[in-house]
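So the structure is just underneath, and the comments pick up after that.
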Amino acid sequence: SSRKMHMRKTYSPSEAKGKILRYCAYQERCHQEVRIRLFQLGLSENQVDETITDLITEGFLNEERFAKTFAGGKFRIKKWGRLKIIQVLEAKGVTSNCIRSGLKEIDEQDYLATLTAILKSKDEQTEEPNPYVRRDKISKHAIQRGYEPELVWRVLRELLPDQQPGQR
């Protein structure tokens, strides 16, 4: 496999573009992913910039569309909260305007319903008699999934109001 490293094929700009068109057609990509892929295909900085410009002009690469697909998908499929979605999009170099646009794909009612379901499910799995420790464990679970702490606590207080001793 060490010999393979030296044998890496480099592609002409037109060959690379053919490969990258398939890469973009398969699923939405952000600029950073495409840029990295084009460098892997052996293109120079100028060729990479030129190819990316072409892809944007031709509508194959659209960062706002990427952000919408990403945010909507991660929320619906993985049940991620907004903070985690923002963090990953920022790490991918997506602009704040595109991130804002992407987050609009998440319906507020669905978001609250999903958070509530996550909290209820965690409550059912948590064996902890102390209501304060219990709520703390449940809240941490949702916050780790990227839900806003203030929102988590607001919903959690409705779900698990302060209990009198001996009640559950």
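The values are calculated or read from the model by the stated rules, or taken from the named source; none is laboratory data. Keep in mind that this is a model prediction, so the values were computed, not measured. Every residue, glycine among them, receives a Cβ derived from its backbone with ideal geometry; neighbour counts consider all protein chains shown. Ligands, DNA and RNA are stripped out before the accessible areas are found, and what is left, the full protein with its side chains, is counted by its heavy atoms. Shrake-Rupley method; radii C 1.70, N 1.55, O 1.52, S 1.80 Å.
Values computed for the structure shown
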quantity: Pick from segment 110-132, criterion open to solvent by less than 30 Å² (accessible area, probe 1.4 Å) and part of a helix (DSSP H, G or I), ranking: nearest to Y147 (Cα to Cα); calculated: L115
quantity: Residue pairs meeting the criteria (Cβ under 9 Å; at least 6 apart or on separate chains; first touching a residue at least 24 places away in the same chain (Cβ under 8 Å) and farther than 15 Å from Q32 by Cα, in segment 72-97; second of a type in the set (K, R) and in a helix (DSSP H, G or I)); calculated: F75/R82; W80/K74; K84/K74; K84/K78; I85/K74
quantity: Conditions (1) in contact with a helix residue (DSSP H, G or I) (Cβ under 7 Å, 6 or more places away or on another chain); (2) more than 19 Å from P149 (Cβ to Cβ): number failed by L103; calculated: (2)
quantity: Set W153, W80: member being part of a loop (DSSP other than H, G, I, E, B), open to solvent by less than 70 Å² (accessible area, probe 1.4 Å) and at pLDDT 95 or above; calculated: W80
quantity: Breaking point among (1) over 18 Å from L83 (Cβ atoms); (2) in contact (Cβ under 8 Å) with a residue 60 or more places away in the chain; (3) aromatic (F, W, Y), for Y147; calculated: (1)
quantity: Selection status of D54, acidic (D, E), in contact (Cβ under 8 Å) with a residue 24 or more places away in the chain and within 22 Å of E33 (Cα to Cα); calculated: yes
quantity: For L21: the one exception among (1) in contact with a Pro (Cβ under 8 Å, 6 or more places away or on another chain); (2) in a helix (DSSP H, G or I); (3) open to solvent by less than 80 Å² (accessible area, probe 1.4 Å); calculated: (1)
quantity: One residue from R65, R100 being open to solvent by 70 Å² or more (accessible area, probe 1.4 Å) and in contact (Cβ under 8 Å) with a residue 24 or more places away in the chain; calculated: R65
quantity: Residues being open to solvent by less than 40 Å² (accessible area, probe 1.4 Å) and of a type in the set (A, V, I, L, M, F, W, C) - total across segment 50-62; calculated: 3
quantity: Enumeration of residues in segment 83-109 that are assigned to a helix (DSSP H, G or I) and not aliphatic (A, V, I, L, M); calculated: K84, Q87, E90, S96, N97, C98, R100, S101, G102, E108, Q109
quantity: Any hit, segment 12-25, residues being out of contact with any Asp or Glu (no Cβ under 6 Å at 6 or more places or on another chain), among the acidic types (D, E) and closer than 19 Å to A91 by Cα; calculated: no
quantity: Test: residue in segment 61-77 that is in contact with a Pro (Cβ under 6 Å, 6 or more places away or on another chain) and part of a helix (DSSP H, G or I); calculated: no
